[in-house]
Amino acid sequence: MEIGIIAEEYSDLDVLHELTAKIVDVRRFSFGRKFIAHGCGKLRKKCRVWAEILIKKGCRHLIVLHDLDNNSQDELRTFLNRSVADLNFSGYIILIPKHEIEAWLLVDANALKKVFGMSKMPSVPSSPELILEPKEKLEEIVRKYSGKQYFNSIHNRIIANRLEIRLLKRKCLSFADYPSFINRIFS
Amino acid sequence: MFIKKMQFKNYKSCLDTTFKLDPNLSVLIGPNSSGKTNVLTAMLLLHKLLQERHFPQEEADDQYTVQCKIKVWFDLNGKEIIFSAGLNTYVAEENRDVIVSSKQRWYLKDITGDSKWITVPLWVLLEMKSRSGLQIRWPIHFLRRSKKTTEADVKIFNKAFGPLSYVAEYISGMKYYSASQFTNPSRCPISFEIEVGRKRSRGSGRSPMRFLSDLYNQSKDKDKSKYNDYFEVIGPSGMRLVDDIIFKEITTSSTEVSVRSGGKIHKRKLKKILVVPKFKIDKHKLSPNQLSEGTFKTIALLFYLMTEIGSILLIEEPEVCIHHGLLSSIIELIKSYSRGKQIIVSTHSDFVLDKVNVESVYKVTKKANEGTKVSHLTKSMTKKELAALRHYLNNEGNLGEYWRQGALDTSYGNWNNSRRV
């Protein structure tokens, strides 16, 4: 199934692809139809136009992924909802990781331990969505426990691949609705 | 430690150029011929001063030498160290700067409390690091050779000895990656020979030969962690540029013959290894010269970025030959490294600009009679201009677009000025 994606960065798309593959068989979906904004301003400006193009390309479902950063959650969600709500998608979801998508990658200490070959279990925050700069936090944990350098464009996908989705659902509210959305469109 | 400010006078287009740098990442943008490369090569003069001991003074011809000045403000844990040098330079083949002579001075008030300038060349500071046992006596001996040096100077130097040697080491870690480096894999050899038991790099500078040799040596290093980290980035679990790197080794032997005084012939049997590197991509095993320019450039640039211990990196146009998807990953890598070391990048790519923080961007412009000027993008804006830019970035588009649409004012200004010239 072709699902249209609008995201800020390629690494966000990578993470979402790995997580989706944990919910539904990877052979049943493709993220080939996408728009990557490389910035939040552009995503907001172009969201509607891009969503219209994705419909024309044959996507029946849409995922919009936008980090919360310093925005107001309600305002951002309302804005993005307004951009796509009246378009002819069978289903869509607006995902707003708080404050960055890297918060999702902080939920599973075991995944980090395996990906970076850490000798002991890293201490990860119990509420990753409260961390204001989760990318920097992740970098700090990786350096502290493995001595390695963390690169979001490389490691986000690998961490997502190892992630326990049950933990992610429990610890990150911004992700909580995603598994049921995917299950619904594939049912 | 980082360089917080620099000044160049009379160096190529940098007639009188002063600018501050970001402690982490500084991105230089500007039209062709505005002087971005000159700013980077001027910074490299600092590194060249470390080799002053070997300056080819006898080759200097007054007719071709130019006098220029550089001044650098270092920040060492919040304390300022100022370095100033007057240089005589000329430009040799391949547009290479050669320093003929220099006078180098230091201002160390934040360290020593004394506002006197002292004269110690960088190479002396670095040399004392490598000479075991001599330590501080060596530069003091050098200082005392000058008739102008007083005991007060020696006292100041004694106090600043540690910080100065730290600065010299910092400068020695400066690395430069030019735009054209690694862009022609067809020049790359398909094999190379090494002597068994001698871990020595083959090839000069940053040639493709040198890269292959360094890559091979790193893969054979007892501590494989650096190589493994590197392969994780370029390999199937990372950027997927290559699936594997294979070094086929063929042992050969030869005899080296030398003749000693008196006619005695000395023979030495040499055991050598012919190394044949192959890059596995899908089902194909390719020689280095068969790789695409972008792939070759990326694997070489990332190799040095990830394995070399550099304190300050100067990267010219990382976008050359690179697809935007890959470039995105490279810029993210550069940003990650910039949190641990100072990196200065020059670029013509609006895509690179999309990926960096607006606070990291510096405009390079050139005006007739004034030469190259470098200014911090947001600090050189009025409040209204800055508010308009922030509104655009939050609601309308990306920084690269803003630049491409002419809203940063660099292109028109320079185009207009260059027309006047």
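Summary table below
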{"read-out": "Spherically averaged projected area of chain B from its Cα convex hull (nm²)", "value": "27.1"}
{"read-out": "Partners for B:LYS155 among aspartates and glutamates (Cα-Cα distance below 18 Å; same-chain residues under 8 apart left out)", "value": "B:ASP110, B:ASP114"}
{"read-out": "Accessible-area composition of the range A:1-103, carbon plus sulfur, in percent [1.4 Å probe]", "value": "44"}
{"read-out": "Loop-located chymotrypsin sites (Phe, Trp or Tyr not before Pro) in the range B:207-275, at most 11 other Cβ atoms within 10 Å (DSSP)", "value": "none"}
{"read-out": "Diffusion coefficient, µm² s⁻¹, Stokes-Einstein with Kirkwood Rh over alpha-carbon pairs of the range B:298-373 at 10 °C and 1.306 mPa s", "value": "117"}
{"read-out": "Spin-label pair B:GLU385/B:HIS348, simplified geometry with 7 Å Cα→Cβ offset, distance in nm", "value": "2.4"}
{"read-out": "The range B:29-37 - phi-based ³J(HN,Hα) in whole Hz, Karplus 6.51/-1.76/1.60, Gly and Pro as x", "value": "10, x, x, 4, 6, 7, x, 4, 5"}
{"read-out": "Per-pair calculated FRET efficiency, R0 = 60 Å: B:VAL66 and B:LEU274 via Cβ, rounded to 0.05", "value": "0.80"}
{"read-out": "Listed residue pairs exceeding 19 Å between alpha carbons, taken from B:LYS335/B:LYS367; B:LYS355/B:LYS383; B:LYS12/B:LYS48; A:LYS34/A:LYS169; A:LYS46/B:LYS379; A:LYS42/B:LYS335", "value": "B:LYS335/B:LYS367; B:LYS355/B:LYS383; A:LYS34/A:LYS169; A:LYS46/B:LYS379; A:LYS42/B:LYS335"}
{"read-out": "In Hz, Karplus ³J(HN,Hα) per residue of the range A:161-168 (6.51, -1.76, 1.60; θ = phi - 60°; x = Gly, Pro)", "value": "5, 9, 5, 7, 5, 4, 5, 4"}
{"read-out": "For the range A:102-166, the spread of Cα positions along each principal axis, largest first, Å", "value": "26, 23, 23"}
{"read-out": "Trypsin sites (Lys or Arg not before Pro) lying in DSSP loop within the range A:64-148, provided at most 15 other Cβ fall within 10 Å", "value": "A:LYS120"}
{"read-out": "Chain-alone versus full-assembly comparison, the range A:149-171, residues with accessible loss of at least 30 Å² (1.4 Å probe)", "value": "A:GLN149, A:PHE151, A:ASN152, A:SER153, A:ILE154, A:ARG157, A:ILE158"}
{"read-out": "Distant alpha-carbon pairs in the range A:74-187 (separation over 23 angstrom), percent", "value": "35"}
{"read-out": "Rounded percent of accessible protein surface that carbon and sulfur make up, the range B:185-306, 1.4 Å probe", "value": "47"}
{"read-out": "DSSP-assigned coil residues among GluC sites (Glu not before Pro) in the range B:334-393, each with at most 14 further Cβ atoms within 10 Å", "value": "B:GLU370"}
{"read-out": "Per-pair calculated FRET efficiency, R0 = 35 Å: A:LYS57 and B:GLU293 via Cβ, rounded to 0.05", "value": "0.65"}
{"read-out": "At 1.002 mPa s and 20 °C, Stokes D of the range A:1-55 from Kirkwood alpha-carbon radius, µm² per second", "value": "183"}
{"read-out": "Probe 1.4 Å, protein heavy atoms only - accessible area per residue of chain A in square angstrom", "value": "44"}
{"read-out": "Three semi-axes of the equivalent ellipsoid, the range A:3-96, Cα gyration tensor, whole Å, largest first", "value": "20, 16, 12"}
{"read-out": "Buried area at the B-A interface (accessible, heavy atoms, 1.4 Å probe, summed, Å²)", "value": "2100"}
{"read-out": "FRET efficiency, 1/(1 + (r/R0)^6) with R0 60 Å, evaluated for A:ASN70 and B:HIS141 via beta carbons", "value": "0.55"}
{"read-out": "CD proxy at 222 nm, helix term only [per DSSP H run n ≥ 4: -39500 (n - 2.57); per residue of the protein assembly as shown; nearest 500]", "value": "-12000 deg cm²/dmol"}
{"read-out": "Area projected by the alpha carbon convex hull of the range B:185-306, averaged over all directions, nm²", "value": "9.0"}
{"read-out": "Distance in nm between pseudo-label sites at B:ASN357 and B:ALA407 (7 Å out along the Cβ direction from Cα)", "value": "2.1"}
{"read-out": "Between the range B:370-389 and the range A:100-151, the alpha-carbon center distance in angstrom", "value": "37"}
{"read-out": "Share of Cα-Cα pairs in the protein assembly as shown lying beyond 48 Å, as whole percent", "value": "22"}
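The values are calculated or read from the model by the stated rules, or taken from the named source; none is laboratory data. The structure presented is a predicted model; accordingly, all values stated were derived computationally and were not measured. Virtual Cβ from ideal backbone geometry, glycine too; neighbours counted across all protein chains shown. When the accessible area is computed, the model is the full protein with side chains, heavy atoms only, and any ligands, DNA or RNA have been set aside. Shrake-Rupley method; radii C 1.70, N 1.55, O 1.52, S 1.80 Å.
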